[in-house]
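What follows is calculated from the coordinates using simple rules that are stated; it is not laboratory data. Predicted, not measured: the structure shown is a model, and the values here were computed from it. Virtual Cβ from ideal backbone geometry, glycine too; neighbours counted across all protein chains shown.
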Amino acid sequence: MNTTILRKSVLGIAGLAFAGGLAAGPLNHHTTTDTDARPVAAVQADKPAAVDTAKLIPHGVQGTQSRIDLDAEQTANTKAIIAATKKTGLDERAAVISIGTALQESKLQNLGHLGDRNDHDSLGLFQQRPSSGWGTPEQITDPQYATTAFLKGLRQVDGWQDMPLTDAAQTVQVSAYPDAYAQWEQQAADLVAQHWNNS
C-alpha cells in the first residue's frame, strides 16, 4: 500500500513538473532567444509619428536659401511658434510660414524697440506694430500672442495653404521687401521637422 501511494505521488509530481515545463518552458525559451516576436507595437507606440516633409514645402523652395545658427533663445522662440500653431489648430505648413516669416523679420529674436534702427514702432518676433492694430507692446513681445496674431492674419488669406511661403507671408505682413521671406523656407521647414513632435 505504501508502494502504491509512493508511486502515485511520484507520478503526480512528475506530471506537474511536465505540465509546468510545457507551460513555462516555451515561454522562457521564447522570451530569451526569439527577439523577433517582441511586442513591436508597444515599442513603437512611444515614438511619435514623423512629420510629412512633403507637406512642409509643397512647392519647393524659391531662390537662394539662407541659414543661420540658432542660440537657445531663438530655439525657444521656434518652439513657442510651433506650440502656438498647434494651439490654434493649424498644421505644420502654417508653422513653416510662421517661422520663415519670423526668420526674416527678427532672425527669431523677440526684439524690443531698437531706437533709431527701429522700423517705426515694430516689435517682437514678427515685427508687428502697435500703431497698425497688432496689439500692445507687451502683447506683441509675447511669442505666443504674436504668433497667434500672425496666424489670425494668415487664416484670412484665401488659399494660403497652396501659396509659396513668401506670398503667404507678404499678404499678412505687407513688407517693403515682399520676396525676402522666400530665402528662409528650407530652414523653417527643417526646424518644424525637428521640433514639431516635441513642442
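Observations on the model:
- About its Cα centre, segment 70-199 has a charge dipole of approximately 320 debye under the convention of +1 per Lys or Arg Cβ and -1 per Asp or Glu Cβ, with nothing else charged.
- For segment 62-199, with +1 on Lys and Arg beta carbons and -1 on Asp and Glu, the positive-most of ASN197, LEU165, GLN183 along the dipole: ASN197
- Kirkwood hydrodynamic radius (C-alpha pairs) into Stokes-Einstein, segment 50-199, 25 °C and 0.890 mPa s, D in µm²/s: 163 µm²/s
- Backbone HN-Hα couplings from phi across segment 166-171 [Karplus 6.51/-1.76/1.60, Hz, Gly and Pro as x]: 5, 6, 5, 5, 5, 4
- Amide proton proximity set for GLN128, modelled H, under 5 Å, gap of 5+: LEU123
- Projected area, mean over directions - segment 128-196, Cα convex hull, nm²: 5.2 nm²
- Of the peptides 82-94, 178-190, the ranking by mean beta-carbon count within 10 Å, highest at the top, reads 178-190, 82-94.
- Modelled spin-label separation between ASP162 and HIS59, with each label point placed 7 Å from Cα along the Cα-to-Cβ direction: 1.1 nm.
- Other residues with beta-carbon under 15 Å from the beta-carbon of ILE68 carry, at +1 per Lys or Arg and -1 per Asp or Glu, a net charge of -4.
- Kirkwood Rh and Cα Rg combined as Rg over Rh, evaluated for segment 52-102: 0.98
- Whole-Hz Karplus values for segment 75-89 come out as 5, 4, 5, 4, 5, 5, 5, 5, 4, 5, 4, 4, 4, 7, x Hz, taken residue by residue from phi with 6.51 cos²θ - 1.76 cosθ + 1.60 and θ = phi - 60°; glycine and proline positions read x.
- The simple spin-label model puts a point 7 Å past each Cα toward its Cβ; for ASP179 and LYS87 those points are separated by 3.7 nm.
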